[in-house]
Amino acid sequence: MKFLLGLIISVLLPLPWLVLALTGQGHHLVDTNPQLVSFITGISIIGAAFILSWGAELSERDIPRSLALIALALISVLPEYAVDLSFAWKAGKDPAYMAFPVANMTGANRVLIGVGWSLVAIVYYFKHRQNYIPLDRSQGLELSLLLLATIYSLVIPLKGTLSLFDTVLFFAMFLYYAARAAKGDRHEEELGGIAGYLDRRLSNSMRRVVVLTMFAFAGYAIWLAAEPFAEGLVRTGKQVGIDEFTLVQWLAPLASESPEAIVALLFAFKGKGSTGIGALISSKVNQWTLLVGAIPLVYMISLGSLTPLELDHRQKEELLLTSAQSLFAAMVICDFKFALWEALALMALFIAQFFFPQEEIRYIFSAAYLIASLALLATSRERRQMLWRALLLKADRD
């Protein structure tokens, strides 16, 4: 009964906002009471995140884990797509929005690593008293693509644009990732909790229908709640005098990244730390390829020409810092272990940036991340091998 009750509650949580959105009352509420909107949509996202986590566990019965994590990442990252691509479309119509797509994207990526990755390791430690999370070797595919995308992203601040070439290259990386993931092995370990409850009571065909239904319902709920959740937070921030660029870069991503973070934390709490980190790595690859590639494409469609998205000085700095942080994080977990002290270091470096907002400090942090990455590479044979495999498009799956 407790499993059934938990499932029912999770289904009920998104319903208030679904009703408001589908009846047209939600849009009016954003204007009149943004705080209430943020609360209702936040509850909706939390309920959908629980449903996503159970659906992802069940789906591993039928498809490889890497492919299941891609599906999970694509659905849970919908809020970020909704917010960022909306900014990209508006930038094509109004130059006043030009800075916002990159601001939101860089903020989202840094939050994902500095907060999301770190919290998974911290929760795993306090719940299970383990000083590190061992990563499944099958996640070498995700690590390889993360390294490739990150290395290329370091070029973008140098050339100063996001162009159609970037779209093609990033989309090609994601398609390669998905194709390789589809060839992986399925995991047959016994499921626990609500996923186990459903698995024991459903036939194979019914389980597949239930998984698709869970993904569809949760994805739709997240899609409807994402933009008003972010908009409600931004409007609330404006009311207390927070700068608009800061709201777009940090407050909106905190909202849009919440579904995948909640899913990952649920996995960590249940002792599946590797799956939790794997979900966030997959989300990072997703954002670092499909999302970044989609930004200039949506901008050019909105603009009606093939003119690339020009990056100003601030955007180049933010993108360089984001790429440097991504490279350091990838190097940290390339030995297929994510230690508690490494998680705390990622979080501390992320938080420290808020105390030093000056331009030159962003370059100093970027240099610190890059130097630390080189140090990890120089002192670890396994990390060097992983980087070499990534460059040769050979994922370590043994």
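The values are calculated or read from the model by the stated rules, or taken from the named source; none is laboratory data. Predicted, not measured: the structure shown is a model, and the values here were computed from it. A quick note on method: Cβ atoms are made from the backbone with ideal geometry, for glycine too, and the neighbour counts reach across all protein chains shown.
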Point to revise | Residue within the range 89-112 that is buried (at least 22 other Cβ atoms within 10 Å of the Cβ), in contact with a His (Cβ under 9 Å, 6 or more places away or on another chain) and part of a helix (DSSP H, G or I) present | key: no
Check your understanding: Would you say Ala294 is at pLDDT 80 or above, in a helix (DSSP H, G or I) and under 30 Å from Asn33 (Cα atoms)?
Key -> no
Practice item. Mind listing whichever residues of the range 216-244 are over 23 Å from Tyr97 (Cβ atoms), at pLDDT below 85 and buried (at least 21 other Cβ atoms within 10 Å of the Cβ)? Key: Ile222
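Kindly provide the set of residues from the range 292-335 that are hydroxyl-bearing (Ser, Thr, Tyr), closer than 18 Å to Ile351 by Cα and touching a Leu at 6+ places or on another chain (Cβ under 8 Å), ordered by number. Let's see the steps before the verdict.
Restricting attention to the range 292-335, the residues satisfying the condition of being hydroxyl-bearing (Ser, Thr, Tyr) are 299, 302, 305, 307, 322-323, 326.
Next, only the ones that are closer than 18 Å to Ile351 by Cα stay: 322-323, 326.
Those that are hydroxyl-bearing (Ser, Thr, Tyr), closer than 18 Å to Ile351 by Cα and touching a Leu at 6+ places or on another chain (Cβ under 8 Å): Ser323, Ser326.
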Exercise for review: Determine whether the range 135-143 contains at least one residue that is at pLDDT 85 or above and either surrounded by fewer than 21 Cβ atoms within 10 Å (Cβ to Cβ) or within 16 Å of the chain's Cα centre (by Cα) (or both).
Suggested key: yes
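Say we look at the range 290-343 and pick out the residues that are of a type in the set (D, E, K, R) and in contact with a helix residue (DSSP H, G or I) (Cβ under 7 Å, 6 or more places away or on another chain); which of these is surrounded by the most Cβ atoms within 10 Å (Cβ to Cβ)?
The initial filter retains those residues of the range 290-343 that are of a type in the set (D, E, K, R), namely 310, 312, 314, 316-318, 335, 337, 342.
So of that shortlist, the ones also in contact with a helix residue (DSSP H, G or I) (Cβ under 7 Å, 6 or more places away or on another chain) come out as 316-318, 335, 342.
On the way: Lys316: 17, Glu317: 20, Glu318: 24, Asp335: 18, Glu342: 21.
Going through the qualifying residues, I end up with Glu318.
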Check your understanding: Where residues in the range 55-78 are touching a Leu at 6+ places or on another chain (Cβ under 7 Å) and under 19 Å from Leu198 (Cβ atoms), which of them is surrounded by the fewest Cβ atoms within 10 Å (Cβ to Cβ)?
Key -> Leu58
Revision key, fill the gap. When (1) farther than 23 Å from Gly219 by Cα; (2) in a helix (DSSP H, G or I); (3) modelled with pLDDT of 85 or more; (4) not polar (S, T, N, Q) are applied to Gly116, the one that fails is (1)
Exercise for review: Restricting attention to the range 310-364, report how many residues are under 21 Å from the mean Cα position of the chain (by Cα) and outside any helix (DSSP H, G or I).
Suggested key: 5
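Kindly evaluate Ser282 against the criterion of being closer than 30 Å to Ser59 by Cβ and of a type in the set (Gly, Ala, Ser). Can you show your working first?
Working: closer than 30 Å to Ser59 by Cβ: yes; of a type in the set (Gly, Ala, Ser): yes.
The answer is yes for Ser282.
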